[in-house]
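The values are calculated or read from the model by the stated rules, or taken from the named source; none is laboratory data. Here the structure is a predicted model, which is why all the values come from computation and not from measurement. Reconstructed Cβ throughout: ideal geometry from the backbone, glycine too, with neighbour counts over all protein chains shown. Side chains included, ligands, DNA and RNA excluded: accessible areas come from the protein's heavy atoms. Shrake-Rupley method; radii C 1.70, N 1.55, O 1.52, S 1.80 Å.
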Amino acid sequence: MNYDVIVVGSGPGGYVAAIRASQLGLKVAVVEKENIGGICLNWGCIPTKSLLKSAQAFEYAKHASDYGVSIKGDVKPDLAAMVKRSRGVADGMSKGVQFLLKKNKIEQLLGFGKLTAKNTVEVTDDSGKKNSYTAKHIIIATGARSRELPNLTQDGEKIIGYRKALVLDKQPESMVVVGSGAIGSEFAYFYQSIGTQVTLVEFMPTLVPNEDEEVAKQLERSFKKMKMKVLTSSSVEKVDTSGKKCKVTVKTKKGEEVVEADVVLSAVGITPNTEGIGLEELGVETDKGRVKVDDFYRTNIEGVYAIGDILAGPALAHVASAEGIVCVEKIAGLNPKPVDYGNIPGCTYTSPEVSSVGMTEAKAKDAGYEIKVGKFPYSASGKASAAGQKDGFVKLIFDAKYGELLGAHMIGGNVTEMIAEMVVAKKLEITGHELIKSIHPHPTMSEAIMEAAAAAYDEVIHL
């Protein structure tokens, strides 16, 4: 065997798995067809957060006088400069991962990887040259791409996916965003904040459908305050791209309406990258395009594993990384605990930010729990008022019988940083009263967590 482990794909699942395997003394190689770091570093998490930071800076500049700062002349967004900065940030992160791979003595095999046997990966480089490599263990971490609907075929010009939305050379005057998950909501916020008139279309009754209903309604109010047009319980029936502008026919609760826009961004989910990599020929079991695995990411074929967005679980970078670590620790003979999918944080980096972990209020009730719910608004937070970010709240859900934290749901400034506390609290099975008695620093937005816990037990001070 050439290697102990070959990882196909170098995203946050693949490269983390490779590095952990190397730490455990295994000889490792990574196959990558495009950019080291995968979609997350190059075309997802990192460059989008860079654009969103630019939007936030623009928002601050526009409202500088609210903070006692005088800026003379018009403040204007420069999309080209924002894109250039985001590409630079992404490039720097990709180079950082390349350094980590070299530091850990992991060989980088550049090209398209295909399993030709259970222990063999064939790598085809850009010139068409093929080389075969063998390993005792092969981990598939090929990720996913933007999903296309039949009536929303992406042409890269008028109907685009998230990759094109990251590098538009000209700011559109108007845009329709289809889908309000994290990707759709973040792009809708970004373009609306820099002056594009955005219409956000969501098939479900609320935005960010996986989030608690109260959080979703607050995000909708915040978006509408920005003058964004929000259409929930709505679907795009067709798009006419024959004219200068796109004519988007939207079926709403009140009937059909036609929305004109320069660009339509399709953000209706993702499709796993499982085609052409040898799964069918090997007989690897899949379900609706997702690879089937056990608790340690073993497929039905001995020596073949799968992690990340090609599985049925949540398509999140940090989940892929956790899965990769568990997978290689099991390969190396350790005894890792399976990933707890009931304690996965989710974040949406709009303004206000959204974060959550665990059950929503509705799901807790559906599961039969008698619950206590505590909610603390940012309007009562001194730090949020000082920061000029009073829109939002922290909502905590506890099991009334044992005091166990069942779910945490937040919307507001800094909540994507604050959610980690709740993940740790949930993992350690902290009770509501233990959270209340854990002193939080003042003034901080994180105080809202302590106050929300107190509100659940009728002990809240600042409401």
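Between a first residue in the range 178-196 that is part of a helix (DSSP H, G or I) and a second residue that is acidic (D, E) and open to solvent by 10 Å² or more (accessible area, probe 1.4 Å), which pairs have beta carbons less than 8 Å apart while being 6 or more apart in sequence or on different chains?
G184/E202; S193/E59
In the range 374-416, which residues are open to solvent by 10 Å² or more (accessible area, probe 1.4 Å), assigned to a helix (DSSP H, G or I), of a type outside the set (D, E, K, R) and in contact (Cβ under 8 Å) with a residue 24 or more places away in the chain?
A380, G382, A386, A387, T416
Of the residues that make up the range 179-187, is at least one open to solvent by less than 60 Å² (accessible area, probe 1.4 Å) and of a type in the set (F, W, Y)? Spell out the reasoning first.
First pass over the range 179-187, keeping only residues open to solvent by less than 60 Å² (accessible area, probe 1.4 Å): 179-182, 184-187.
Now drop any that are not of a type in the set (F, W, Y), which leaves 187.
Checking the range 179-187: at least one residue is open to solvent by less than 60 Å² (accessible area, probe 1.4 Å) and of a type in the set (F, W, Y).
Do we find a residue being touching a helix residue (DSSP H, G or I) at 6+ places or on another chain (Cβ under 6 Å), open to solvent by 20 Å² or more (accessible area, probe 1.4 Å) and farther than 23 Å from M82 by Cβ anywhere in the range 202-216?
Yes, there is a match, as at least one residue in the range 202-216 is touching a helix residue (DSSP H, G or I) at 6+ places or on another chain (Cβ under 6 Å), open to solvent by 20 Å² or more (accessible area, probe 1.4 Å) and farther than 23 Å from M82 by Cβ.
Filter the range 97-152 down to residues that are of a type in the set (D, E) and over 30 Å from A165 (Cα atoms) and give me whichever is surrounded by the fewest Cβ atoms within 10 Å (Cβ to Cβ). Steps first, please.
Residues of the range 97-152 that are of a type in the set (D, E), as a first pass: 107, 122, 125-126, 148.
Then drop every residue that is not over 30 Å from A165 (Cα atoms), which leaves 107, 122.
Numbers: E107: 16, E122: 18.
Across the range 97-152, the extreme among qualifying residues is E107.
Looking at V83, V75 in this structure, which one is within 30 Å of G388 (Cα to Cα), aliphatic (A, V, I, L, M) and either part of a loop (DSSP other than H, G, I, E, B) or open to solvent by 60 Å² or more (accessible area, probe 1.4 Å) (or both)?
Values: V83 fails: either part of a loop (DSSP other than H, G, I, E, B) or open to solvent by 60 Å² or more (accessible area, probe 1.4 Å) (or both).
Exactly one of V83, V75 is within 30 Å of G388 (Cα to Cα), aliphatic (A, V, I, L, M) and either part of a loop (DSSP other than H, G, I, E, B) or open to solvent by 60 Å² or more (accessible area, probe 1.4 Å) (or both), namely V75.
Could you tell me which numbered condition K437 fails, if it satisfies all but one of (1) over 28 Å from C45 (Cα atoms); (2) among the basic types (K, R); (3) crowded, with 16+ Cβ neighbours inside 10 Å?
(3)
Take the residues in the range 332-366 that are surrounded by fewer than 17 Cβ atoms within 10 Å (Cβ to Cβ) and acidic (D, E); name whichever of them is nearest to A18 (Cα to Cα). Spell out how you get there, then give the answer.
We begin by selecting, within the range 332-366, every residue surrounded by fewer than 17 Cβ atoms within 10 Å (Cβ to Cβ); these are 333-338, 340-343, 362-363, 365-366.
Right, trim to acidic (D, E) and you get 340, 366.
Details: D340: 21, D366: 40 Å.
The selected residue is D340.
Within the range 235-270, track down each residue that is outside any loop (DSSP other than H, G, I, E, B), among the hydroxyl-bearing types (S, T, Y) and under 19 Å from E157 (Cα atoms).
To start, the set of residues in the range 235-270 that are outside any loop (DSSP other than H, G, I, E, B) comprises 235-240, 246-252, 255-261, 263-266, 270.
Filter once more, keeping what is among the hydroxyl-bearing types (S, T, Y): 235, 249, 252, 266.
T249, S266, listed by residue number.
Residue check: is L152 in contact with a strand residue (DSSP E or B) (Cβ under 6 Å, 6 or more places away or on another chain) and assigned to a loop (DSSP other than H, G, I, E, B)?
Working: in contact with a strand residue (DSSP E or B) (Cβ under 6 Å, 6 or more places away or on another chain): yes; assigned to a loop (DSSP other than H, G, I, E, B): yes.
In short, yes.
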